[in-house]
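Take a look at the structure set out below.
Derivation of every value follows stated rules applied to the coordinates shown; laboratory data play no part. Quick caveat: nothing in here was measured; it's all calculated off a predicted structure. Quick reminder, even Gly has a Cβ in these numbers, built from the backbone with ideal geometry, and neighbours come from all protein chains shown.
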């Protein structure tokens with residue numbers, strides 16, 4: 001009993017230190033930002049536009065790439081095929097490489113000299129220095145969060161439920177949309193939220209593809225580089241507030257529902 | 001008629017070997033076997049969830065080996081029931097009706113019909129997580145019946161139910177059978193076989209080792225498992241002697257000094273078990289003046305109540321279980337330590353090869 005009490009105390013202390021490590025810089029940032037500076041940043045059209053652009057680009061990336069990410073997650077959860085583990089490793093690649101390197105890699109694919117870049121230009125889509133490039137850069141670095149969460153979600157759905165649905169006459173499509181997807185819904189929503197949140201915070205890959213139009217992480221960096229900490233801090237505080245509101249809101253929406261009775 | 005012809009399937013750690021089986025229309029087949037014998041795989045083969053490596057499955061003369069799961073006309077109720085947890089009972093039962101092109105009104109009427117048939121009409125708005133074991137079983141049956149299968153496959157449908165619920169569900173299954181369905185039912189329960197099935201298929205290590213009526217399977221078991229399952233307690237390992245004086249009488253050595261004789265031809269495999277039904281053993285205080293060829297002297301080592309009478313364990317060099325009435329037990333004072341003689345005819349003894 002005494003030993004339990006001691007270990008709890010030590011763990012509590014260490015946990016407190018970690019939580020302090022997470023919260024202290026953010027708290028410091030808000031405490032050092034006066035209400036006037038905060039209000040000025042909110043009123044700043046450039047800040048508001050960049051936040052809107054960032055939210056929309058990240059959301060667009062989530063919506064567009066989830067069309068392929070969710071089926072890929074299903075295949076990884078359900079099918080046994082040669083190289084499956086290799087594909088699982090590939091999925092995590094964007095997380096482990098430096099994001100500036102990811103930006104360089106993406107630039108090679110979408111630059112005006114590449115076939116994709118030229119095809120885009122022909123269709124009026126500008127990847128480099130354009131919204132489409134920002135969407136791709138954000139999605140590239142954040143898509144592992146969706147694939148991994150959705151794969152775990154599909155894995156948690158018992159295959160017997162899908163088999164039972166097949167024996168009841170349902171087509172594989174109907175089984176996917178009425179059994180697999182609804183039962184993995186919570187984890188998929190978590191993955192979508194995480195992908196969106198990760199996209200919102202992306203700087204390294206985006207700044208290489210598109211300095212303009214300016215997403216908020218790039219704007220914060222630009223204000224810091226040009227005008228110093230005191231000018232960058234209020235923008236950062238406003239943006240962190242928006243991110244927290246979005247993230248907490250999505251977490252609340254994705255909460256496990258009460259046991260149905 | 002459903003026919004399985006030379007079905008073989010290889011898994012990494014299990015093989016289904018050369019299974020041949022014929023199930024007639026409206027048969028109720030109990031599929032019996034130890035855990036891991038391949039019973040559930042047999043059901044999944046029939047349902048189309050597992051494809052055989054070789055062999056054919058025919059139904060009413062048509063080869064359905066590679067037919068789509070959805071159009072086979074075979075329904076499967078899993079042991080864990082596989083009810084959809086995010087749907088109400090109503091939606092679970094309606095699930096197989098959705099693709100049949102019915103109107104909403106027809107669907108509602110059919111859901112009500114199948115819910116009534118399985119006695120779950122009062123549960124329609126509940127979620128599976130809130131149902132008791134018996135209720136969930138009946139919902140799973142109602143849902144499978146709603147798919148209108150010609151053959152119903154049941155994977156231990158009565159396991160995990162109390163005696164009252166088992167009895168209720170047996171009635172439901174009997175009614176489903178009477179309504180004209182063919183049923184194949186995996187079970188470990190003698191009562192289920194005795195009260196429901198008209199055929200028993202016995203599986204062992206991925207092979208079908210016996211298929212006949214329950215009476216024949218349990219009176220003439222071909223494996224140790226079935227013999228033990230049917231309640232035969234005197235199942236004694238033995239080795240058949242190569243030659244006997246009487247070719248119709250075989251001698252089975254059960255120990256260094258005890259040989260038990262039985263009527264039959266010499267088997268190909270000489271190792272196995274002799275079965276001596278306990279009700280065929282005559283117990284006496286003196287050597288019996290009977291025609292029985294097997295006579296053994298022993299000592300009562302245990303005596304316990306069994307049904308209306310008593311069961312005795314008699315050590316003769318091998319332990320044999322003998323049934324006696326309470327009256328005989330008291331009259332002969334058959335308490336542990338008492339010396340007795342056991343007699344049984346060679347025709348009562350059966351041999352099961354290993």
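Short-range pairs are left out: with C-alpha atoms under 8 Å and at least six residues apart, the relative contact order of region A:46-255 is 30 percent. A helix-only calculation puts the protein assembly as shown at -15000 deg cm²/dmol for mean residue ellipticity at 222 nm, using -39500 (n - 2.57) for each DSSP H run of at least four residues, averaged over all residues. Peptide B:86-98 is shielded by partner chain Cβ atoms: per residue, an average of 3 of them sit within 10 Å of its Cβ. A protection proxy built from the mean count of other Cβ atoms within 10 Å ranks the segments A:60-67, B:73-80, B:331-338, most packed first, as B:73-80, A:60-67, B:331-338.
Taken over the alpha carbons of region A:120-240 as equal point scatterers, the Debye sum produces base-10 log I(q)/I(0) values at 0.16, 0.19, 0.20, 0.23 Å⁻¹ of -0.83, -0.97, -1.01, -1.15.
Listed by Cβ neighbour count within 10 Å, with the fewest neighbours leading, B:1, A:138, B:87 appear as B:1, B:87, A:138.
Semi-axes of the equivalent ellipsoid for region A:178-261, computed as √(5λ) from the eigenvalues of its C-alpha gyration tensor and ordered from largest down, come to 35, 16, 6 Å. Expressed in Å, the radius of gyration and Dmax of the Cα atoms of region B:46-153 are 15.0, 46. The average projected area of region B:151-272, computed from the convex hull of its Cα atoms over all directions, is 9.8 nm².
Relative contact order, whole percent, for region A:109-151 stands at 23, derived from Cα pairs under 8 Å and 6 or more residues apart. Annotation for region A:31-75 versus region A:176-192: alpha-carbon center distance of 24 Å. Per residue, the convex hull spanned by the alpha carbons of chain A comes to 217 Å³.
Under 18 Å from a label point 7 Å along Cα→Cβ of residue B:330: give me every residue in region B:272-315 with its amide N that close. Under 18 Å, as judged by backbone N against the label point of residue B:330, lie B:303-312 of region B:272-315. Both radii are taken from the alpha-carbon atoms of region A:31-78; with Rh as the Kirkwood radius, Rg/Rh is 1.35.
Above 20 angstrom, tally the Cα pairs of region B:203-338 and express them as a % of all pairs, no decimals. Let's see the in-between values first.
Working: 4973 of 9180 pairs.
For region B:203-338, the share of Cα pairs beyond 20 Å comes to 54 percent.
As a proxy for reagent exposure, ranking B:164, B:239 by other Cβ atoms within 10 Å from fewest up yields B:164, B:239. Please give the Cα centre distance for region B:94-167 versus region B:35-53, rounded to the nearest Å. Using only Cα atoms, the two centres lie 23 Å from each other. At the listed q of 0.05, 0.08, 0.12 Å⁻¹, the Debye profile of the protein assembly as shown, built from one uniform point per Cα, gives log10 I(q)/I(0) equal to -0.43, -0.82, -1.19. The value of relative contact order for chain B, using C-alpha pairs under 8 Å at least six residues apart, is 15 percent.
Placing one equal scatterer on every Cα of region B:142-185 and applying the Debye formula, the log10 ratio I(q)/I(0) at q = 0.16, 0.17, 0.20 Å⁻¹ is -0.42, -0.47, -0.65.
Give the value in nm², to one decimal: projected area of the alpha carbon convex hull of region B:221-267, averaged over all directions.
Computing the convex hull of the Cα atoms and averaging its projections yields 3.6 nm².
Each semi-axis of the equivalent ellipsoid for chain B is √(5λ) with λ an eigenvalue of the Cα gyration tensor; in descending order they amount to 48, 25, 15 Å. The eigenvalues of the Cα gyration tensor, multiplied by 5 and square-rooted, give region B:85-205 an equivalent ellipsoid with semi-axes of 26, 17, 12 Å from largest to smallest.
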